[in-house]
Amino acid sequence: MIRDLSLTLRALLDDPALASAVPELAAAQIVFDRPSEQFSPAQTTIDLFLYDIRENLEMRSSEPLLERQSGQAVIHPPPLRVACSYLITAWPVGGAELPLQEHRLLSQALQVLSRYPTLPAAFLQGSLVGQQPPLPMLTAQADGLKDPADFWAAIGNKLRPAITITATLAVDRFAPITAPLVTTEQVVLGERTSATQEGLQPATRQDLLRFGGTVTDATRLPVVNARVTLLDTGCETRTDAAGRYTLTVPAPGIFDLSVQAGASSSTISITVPATAGSNYDVQL
């Protein structure tokens, strides 16, 4: 996954569309070597050295992502948000006034990277494709490399100008869990026996069953704003943007459920709670 991030940054800086605006950067090779004293590229180079990997605590989450697929719930455990920091240096080869060439390359890299608060989807590689939310990227921020002189001394080279960028990606730690969707809930209402106890006064106790399903059309696409009526009780609701609805009955039993959307309608018999292998979905 970190490799895919590096390849994404290379694709962004190697974009052919940059040739006219930043020709020097477009002509440079993109590498990921350690910029030690022995690093001496044979051609003009932009080096992206990955120097730090750590969890992004600001994006830490304990909330799983729930996805509905084919009548089942797919539960994705929250991923680990990992911030990867790169040191970008420029290494011009040939020509006059190499320091000025170096400055031009760095300014062009800064110009390109600072356009994007998140990594653009068009350049994402491998496992990064489709990650949500979009991968944030910070360019030349004040909280980058804390002590450049110590850093360069540690890798065995002299101090030189550099840009830091940090991109955060999501690393899946656990495989998703597939489970049946909840179709029926028991709801118990009543007055507590006291303020400190959870028991209910028998005279006020009311047991309800709340159930829900999905209304789809002949092509199995969700039907929005369909009217769903429980004929036995007159209870009525409308489907949401995903075609889902929820209704409540006072006791278990067999009920007639009517669904109407435009000129299409259907009436089915349902059992609440649902028997094993059945649900409350309706196809018009």
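Could you identify the single residue in Asp172, Asp147 that is modelled with pLDDT under 85, under 30 Å from Ile53 (Cβ atoms) and acidic (Asp, Glu)? Write out each step before concluding.
Values: Asp172 fails: modelled with pLDDT under 85.
Checking each option against the conditions leaves just Asp147.
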Members of the stretch 181-206 that are surrounded by 11 or more Cβ atoms within 10 Å (Cβ to Cβ) and either in contact (Cβ under 8 Å) with a residue 60 or more places away in the chain or more than 28 Å from Gly253 (Cα to Cα) (or both): Leu181, Thr183, Thr184, Thr193
Some residue of the stretch 246-259 being surrounded by 12 or more Cβ atoms within 10 Å (Cβ to Cβ) and closer than 21 Å to Ala73 by Cα: yes
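Give the residues of the stretch 207-221 that are within 11 Å of Leu284 (Cβ to Cβ) and surrounded by 12 or more Cβ atoms within 10 Å (Cβ to Cβ), sorted by residue number. I'd like the intermediate steps shown before the answer.
Restricting attention to the stretch 207-221, the residues satisfying the condition of being within 11 Å of Leu284 (Cβ to Cβ) are 215-221.
Answer for the stretch 207-221, where residues must be within 11 Å of Leu284 (Cβ to Cβ) and surrounded by 12 or more Cβ atoms within 10 Å (Cβ to Cβ): Val215, Thr216, Asp217.
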Unmet criterion (only one of (1) touching a residue at least 40 places away in the same chain (Cβ under 8 Å); (2) under 21 Å from Ala162 (Cα atoms); (3) not aromatic (Phe, Trp, Tyr)) for Ala27: (1)
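Which of the following residues is at pLDDT below 95 and exposed (fewer than 11 other Cβ atoms within 10 Å of the Cβ): Ser70, Ser127, Ser85?
Details: Ser127 fails: exposed (fewer than 11 other Cβ atoms within 10 Å of the Cβ); Ser85 fails: exposed (fewer than 11 other Cβ atoms within 10 Å of the Cβ).
Answer to the selection: Ser70.
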Residue in the stretch 101-123 that is without any contact (Cβ under 8 Å) to a residue 40 or more places away in the chain and acidic (Asp, Glu) present: no
Test for Val112: is it within 30 Å of Thr219 (Cβ to Cβ) and either in contact with a Cys (Cβ under 9 Å, 6 or more places away or on another chain) or surrounded by 12 or more Cβ atoms within 10 Å (Cβ to Cβ) (or both): no
Strands (runs of 3 or more DSSP E) completely within the stretch 169-284 that count 3 or more residues being of a type in the set (Phe, Trp, Tyr): none
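Being surrounded by fewer than 11 Cβ atoms within 10 Å (Cβ to Cβ) and under 27 Å from Gln132 (Cβ atoms) is the filter here; which residues of the stretch 20-53 pass it?
Start the filter on the stretch 20-53 by keeping residues that are surrounded by fewer than 11 Cβ atoms within 10 Å (Cβ to Cβ), which leaves 20, 37-38, 40, 42, 53.
Within the stretch 20-53, just Ile53 meets the criteria.
The values are calculated or read from the model by the stated rules, or taken from the named source; none is laboratory data. Keep in mind that this is a model prediction, so the values were computed, not measured. Don't worry about glycine lacking a Cβ; one is built from the backbone with ideal geometry, like all the others, and counts go over all protein chains shown.
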